[in-house]
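Scroll down for the structure; my scribbles are underneath it.
The numbers here are math on the coordinates, done by the rules we state, and not lab data. Just so it is clear, the model here is predicted, and its values are computed rather than measured. Using ideal geometry, Cβ is built from the backbone for each residue, glycine included, and neighbour counts are taken over all protein chains shown.
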Amino acid sequence: MGAVWIKDKDDNRFLSARNGDFLHFPFQCDTCWFINLKFRLPRENSDSDARLLEYIRRVNLDGMWSREPGTVNSIRLNLKKLIKYCKELNLEPTLPELGPWPIGDKVGFQVALAQLRYSQEQGQNALTHVQFDTIRKLRTSYSHIHEVSATANSSYTHAFRTLLGKLFTNSNCPTQSRFFRKFMEGMLERMGKQTKSNMPLDYKILHLILDGYEKELNNESVPDNRKRWINMCGTFYLLGFVLSLRGNEGLMVEAHGLVSHLHYGLEEDEEHPYIVIPFLGRFKNEEGERWHLMISVGTTGSGFQVRKWIERIARILVEEEQVVGPAFCHRNGRPIRVTELDEELHMQLESLQAIHPHLIESKIDVTEWFSVFRSLRRGSTARAGELDISDNVTNLHNRWRTTEYFKGNRSTSNMRQYYTSLRLTRKVRLKYTLNL
């Protein structure tokens, strides 16, 4: 039934439920589950019924395989001891009845079946199946729907936090049942996880990209639209690398804050001239200016001219009167998308791959292994490791989203106080970008 259906040892494992496998997993036979789902017996000579029974068998097997045989056998032996010693004390063992179950599906069996069917589709990382981390999203979506339903709210379930902030929830959602949890554990053990992480972008490659952009900017035959796009892309890639940004964090750079903070870091007495990069987010419980500020040296140790590129896009924004909103935008003010930045990056990498195979091997598919989502940050941290930058400095630089705010709960100081605090700690904050 597809590549993900790793054959169990025929039915031996399934039949071994009689010997104790069901002791950790709420077990019902295939036919019982069929009746619970369809409210009838399976029909003979029915292809659809036979197919559904195969999926039901797979769910049962995944649940049984969620624990190692040794663990299950230990449970079985301990239960035997429990029964033995109760009888020695002339007591009748009062173990809970394991069945029969009521008709219906109270444990999320249909969601489990849907996940199995989804897993057989063609995936992005494998042509034969969809990865576990993708198919489990069906469970997440179902849980969200259930928690806002009349059923959930009529059962008076509540959520509360401990003093340490940990959330505890009482839920009657079927996909939170022991049955479903064990099924998920068994399915994960069977399928495993296959991830394709973005490759880090070598700082030498980024230098080559920016050098190529400089040539285009100095070429009078290059159209203005292309030059504008080059400035936006070059600055984004540079900030993503130097500030170690990931995902769409670079798109949070705010135009007004960027323009209004250009003069900071240019004082004559500054040992290392720097530039301030403001990020804007709509966070709860904040009023007025809601910027987060990061700083970088004007020119890094390897020659990245951060201030030069930022001043270029600031000039573009002022000339186009687009000083409110995202700094990385098109002429009409529409924010640039990550996919657009990826397309430009891939085009540049493919060109460099042909010229510099020692930097990007010819067998590497750059469209598959490089993306602004992770490649810039990973290239940055790899370079920091090469330069032996301390973990304390790297963590301070990379964990700005957790150290500066948690869902908006940042200091209520105004922006001037915030910048003053940043300036007083600039020496340690600049250590990351100083030699990058």
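Modelled spin-label separation between GLU121 and ASP342, with each label point placed 7 Å from Cα along the Cα-to-Cβ direction: 1.7 nm. Backbone amide hydrogens, once placed in the peptide plane, bring HIS292 within less than 5 Å of PHE279, LEU280, GLY281, excluding anything fewer than 5 places away on its chain. Quick check: Cα centre of the range 210-267 to Cα centre of the range 29-60, how many Å? When both Cα centres are located, 59 Å separates them.
Each label was represented as a point 7 Å from its Cα along the Cα-to-Cβ direction; for LEU91 and VAL148 these points are 4.9 nm apart. Counting other Cβ atoms within 10 Å as a rough exposure proxy, the listed residues GLU254, GLU320 run GLU320, GLU254 from fewest neighbours to most. Computed extension gain for ARG178 through LYS84, at 0.36 nm per residue and net of the alpha carbon distance, reaches 31.1 nm. Modelled spin-label separation between GLU220 and ILE75, with each label point placed 7 Å from Cα along the Cα-to-Cβ direction: 8.0 nm.
Ordered by the count of other Cβ atoms within 10 Å of each Cβ, fewest first, TYR85, TYR432 give TYR85, TYR432. Exceedance of the 29 Å cut-off in Cα-Cα distance is limited, within the set LYS137/LYS196; LYS81/LYS182; LYS204/LYS308; LYS87/LYS182, to LYS87/LYS182. Remark: the VAL428-HIS356 segment gains 22.3 nm on full extension, using 0.36 nm per residue and subtracting the alpha carbon distance. Put in order of Cβ neighbour count within 10 Å, fewest first, the listed residues SER171, SER46 become SER46, SER171.
In order along the range 84-89, the phi-based Karplus estimate (6.51 cos²θ - 1.76 cosθ + 1.60, θ = phi - 60°) of 3J(HN,Hα) comes to 4, 6, 5, 5, 4, 8 Hz; Gly and Pro are listed as x. If the chain linking CYS32 and HIS272 were pulled fully straight, counting 0.36 nm for each residue of separation and taking away their Cα-Cα distance, it would gain 79.0 nm.
Backbone geometry of the range 224-235 corresponds, through the Karplus equation with coefficients 6.51, -1.76 and 1.60 at θ = phi - 60°, to 3J(HN,Hα) couplings of 4, 4, 5, 5, 4, 5, 4, 4, 5, 5, x, 5 Hz, x marking Gly and Pro. Computed from the Cβ-Cβ distance with R0 of 30 Å, the FRET efficiency linking VAL393 to SER197 stands at 0.80.
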